[in-house]
Each structure stands twice: as C-alpha cells, then as structure tokens.
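> Here it is: the structure, laid out below.
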Amino acid sequence: MSKIKLLSPRLANQIAAGEVVERPASVIKEVLENSLDAGSDRLDIDIEDGGIKLMRVRDNGIGIDKDDLPLALSRHATSKIYQLDDLEAVATLGFRGEALASISSVARLTITSNTGGDSGWAARAEGRDMVAEVTPAAHPQGTTVEVRDLFFNTPARRKFLRTEKTEFNRIDDVVKRLALSRFDVSFNLRHNGRAIHSLRKATSQIEQERRVAQVCGPAFMENAVHIDVERSGLRLWGWVALPTFSRSQADLQHFYVNGRAIKDKLVTHAVRQAYQDVLFHGRHPAFVLYLDLDPSTVDVNVHPTKHEVRFRDNRMVHDFLFRSLHHALADVRPEDQLPGNT
Ligand code: ADP
Ligand code: MG
C-alpha cells in the first residue's frame, strides 16, 4: 500500500503559516504590506488585546474584485507576478501569494473590499480551506482585513504567544518600520481604542523629520544629521545620529533598500566601519537610512521573513555606503564631537 499522500490544502497552509505567521506582528506586517502594494495612502490599524483577539487594517487602495476575493485567500495566488521573469524586477513588498492563505488557516479572517463600484463584498474564511461565500457588504473604495482569534485552531502555537503588551510592542515596531519607509502614507494605530500613533503624510523634509522624531523619539532627531548622496545610480539618504548619541543596543537602526526594511550583514558592516573611529567599543550607531538602486541589481527574494537581500555588486554597494557615511561623519568629527567629550 502506498504510504505517500498529498497534504490537504489546509494542512499545507498551516505548515506554511508556521513560517510566515509566527505572531500577531507578522500578520500585521503581511496585511500592511498588501495595503501598501495596493497603492493606499491611508492606513487605519485597530488592535485589541495585543492583536491576539483582533487586528483590523483598513486601507484606501485599489481594492479586490468580487471574483478575486476567494482567490486572494488561496495559496500561491497573487496579482503581483505572473511569470518567473517578473521576479527579477519585483517592486512590490509581497509576491509569494501565501500570506492571506496562511493567515486564514490559523485565524478567523474576513476581507471586505470595494474596487470603486457601488457596493463592496466580503469574504470570510475561518480556518477552512476555502471561502464559503462572498456576500455584499458596505465599504468605501479600498479594503479592510480583519483577523480575529489568532491560532484559535492551533493551541500549540497559541501557547508561544507572549503577553498582550509584548505582542503589541512588536506590532508597534512593524508599524514604525513601515511608517519610516512610507512618508507618503498616513498611519493611524490604535490599541484597545486608544490612539498610539497618528502619523500624517509627510512631504517636506521638515515634515519627514517630524515623523522620524515621532517614531524614533525627539532625541534622535535632535542629534542627527541629514545626508543625501548620489553616485553612479546609487542614492543614500536619511539621518545618522552623531557619535555622541550612540546606543548600548543596536535598537535604533533602520535601513531600507528600495523602500524595503532589511537587516543585512554587508550593510551592517559598512555602517560599522564608517563609525569605527568615532564610536566607543560596544556602542551602537543610530540611523534611519535609505538606499535606492536599480531593482534589477538587487535580489529581495531570499527569505520571506529574514529581511536579507543580495546585491549584484557587493563591493560597489559596500564601498558606496562606507564612503558616504564616512564623509557625513567627517563633517562632525571635530574634537568636541568625539564620544566622552560631552
Ligand atoms: P501576495 O501579497 O504575495 O500577492 P497575499 O496572500 O498577501 O499574497 O495576497 C494575495 C493577493 O490578494 C494579492 O496579490 C492581492 O492581489 C490581493 N490583496 C491582498 N490584500 C489586498 C489589499 N489590501 N488591497 C488589494 N488587494 C489585496
Ligand atoms: Mg502579501
């Protein structure tokens, strides 16, 4: 008798969910990235009980067609790439087409959407393989994704959740990280009915610096210099804290490659090296930096959650980062700025 069997779609999704949906914050990340990919410029995020009870994200993006609603919830269904070549130049945040399917396999998921027509439509999935039905529902242009009772059907996973406060803080981190990458989008985050962030669109540099101060704390902004360097197709811009504002932990380091938050060895190394002779041993620099480059020279399809990237030309990117930062810090390198002197 044959021992090999195909996994049921539900089990396959739950296994995939083990990778993508670790905790409420990972759900929020996926849902917000979808909203951004849909061209939204306003995100309203409502959280209850650290996200374990409820996470609701409402956007004003392009919406999902009625007929696409069930598809949006299926595994490997995506509107973002249609052929392998598209992977080469992927500009959207998501593209694997497994987030919603994974979430729907471990939570009660409702999507309500309107693509600009008279009425909207809602699809519900409660840990089942398929959406049972699509029903009419009032909704303005855009999409609302509601995730209730995370891990209600996978108690073993639920056990690994921390306190409400810890889980909420991680959600907050995700929102902050995205808020720093999209100044052109307004973010409203509420927890148990209380407003946590109300970040308005920030167009001018002054408005952007206000947002950075709201997200990273006013002290960071007061001690940071603005940089903007462009060379041979690479642009590095953002804010780097003076060495005097160094931290005991690497907790205020935001680096974006083409708008995507990353943590990458090459980047970390280049930044460290630029700060090397101005920072005390064991201290960590603080920065909010953006590297923009031709999307075809960077591979972001490395891992869905690890935030790694692969540059086509490591050497050139490292060199550019190091030189740009070294130069920016050289301007503030006079004796009185050396750590320990203030
Ligand atoms: P991926 O983002 O990798 O394509 P997802 O499972 O996250 O996969 O989403 C599946 C599809 O559902 C997306 O490709 C998109 O077409 C649609 N979708 C999801 N969320 C939204 C949204 N907020 N607005 C518009 N379309 C959405
Ligand atoms: Mg997605």
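> Looking only at the stretch 195-235, which residues are among the basic types (Lys, Arg) and over 24 Å from Ser246 (Cα atoms)?
Selection gives Arg200, Lys201, Arg231, Arg235.
> Being modelled with pLDDT under 90, part of a loop (DSSP other than H, G, I, E, B) and closer than 15 Å to Arg10 by Cα is the filter here, so list the residues in the stretch 98-127 that pass it.
Within the stretch 98-127, Glu98, Gly127 qualify.
> Within the stretch 1-32, can you find the residues that are in a helix (DSSP H, G or I) and of a type in the set (A, V, I, L, M, F, W, C)?
Passing the criteria: Leu11, Ala12, Ile15, Ala16, Ala17, Val20, Ala25, Val27, Ile28, Val31, Leu32.
> Ok, one more. Given the criteria over 20 Å from Ala179 (Cα atoms) and over 24 Å from the mean Cα position of the chain (by Cα), does Phe311 qualify?
The answer is no for Phe311.
> Across the stretch 23-78, what is the total count of residues that are among the small types (Gly, Ala, Ser), more than 8 Å from ligand 1 (Cβ to nearest atom) and under 14 Å from Thr115 (Cβ atoms)?
Looking only at that region, the number is 1.
> Checking Asp149 against (1) closer than 30 Å to Cys216 by Cβ; (2) away from ligand 1 (no atom under 16 Å from the Cβ), which test does it fail?
(1)
> In contact (Cβ under 8 Å) with a residue 40 or more places away in the chain and either of a type in the set (Phe, Trp, Tyr) or out of contact with any helix residue (DSSP H, G or I) (no Cβ under 8 Å at 6 or more places or on another chain) (or both): does that describe Phe183? Walk me through how you get there before you give the answer.
On the way: in contact (Cβ under 8 Å) with a residue 40 or more places away in the chain: no; either of a type in the set (Phe, Trp, Tyr) or out of contact with any helix residue (DSSP H, G or I) (no Cβ under 8 Å at 6 or more places or on another chain) (or both): yes.
The answer is no for Phe183.
> Go through the stretch 130-241 and tell me which helices (runs of 4 or more DSSP H), entirely inside it, have 1 or more residues that are over 23 Å from Tyr275 (Cα atoms) and modelled with pLDDT of 95 or more. Step through it out loud before you land on a result.
Details: elements: 155-158, 164-181, 205-216, 218-222.
Correct list: 164-181, 205-216.
> Consider Val225 against the criteria (1) free of Cβ contacts under 8 Å to residues at least 60 places away in the same chain; (2) of a type outside the set (Phe, Trp, Tyr); (3) farther than 30 Å from Glu48 by Cβ: it satisfies all of them except one. Which criterion is unmet?
(1)
> One residue is enough: does the stretch 50-66 have a residue meeting the conditions within 15 Å of ligand 2 (Cβ to nearest atom), of a type in the set (Lys, Arg) and in the same structural domain as Arg124 (by TED's automatic domain parsing)?
Scanning the stretch 50-66 turns up no residue that is within 15 Å of ligand 2 (Cβ to nearest atom), of a type in the set (Lys, Arg) and in the same structural domain as Arg124 (by TED's automatic domain parsing).
To keep it simple, each residue is scored yes or no on (1) under 21 Å from the mean Cα position of the chain (by Cα); (2) within 20 Å of Asn60 (Cβ to Cβ).
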{"residue": "Pro155", "(1), (2)": "no, no"}
{"residue": "Leu189", "(1), (2)": "yes, yes"}
{"residue": "Thr203", "(1), (2)": "yes, yes"}
{"residue": "Val212", "(1), (2)": "yes, no"}
{"residue": "Pro218", "(1), (2)": "no, no"}
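> Just to verify a result, which residue in the stretch 33-49, among those that are among the polar types (S, T, N, Q) and in a helix (DSSP H, G or I), is surrounded by the most Cβ atoms within 10 Å (Cβ to Cβ)?
Taking the stretch 33-49 first, the residues among the polar types (S, T, N, Q) are 34-35, 40.
Now narrow it down to the ones that are in a helix (DSSP H, G or I): 34-35.
On the way: Asn34: 24, Ser35: 27.
Within the stretch 33-49, the match that is surrounded by the most Cβ atoms within 10 Å (Cβ to Cβ) is Ser35.
The values are calculated or read from the model by the stated rules, or taken from the named source; none is laboratory data. Just so it is clear, the structure is predicted and the values come from calculations on it, not from any experiment. Here the Cβ is made from the backbone with ideal geometry for all residues, glycine too, and neighbour counts use every protein chain on show.
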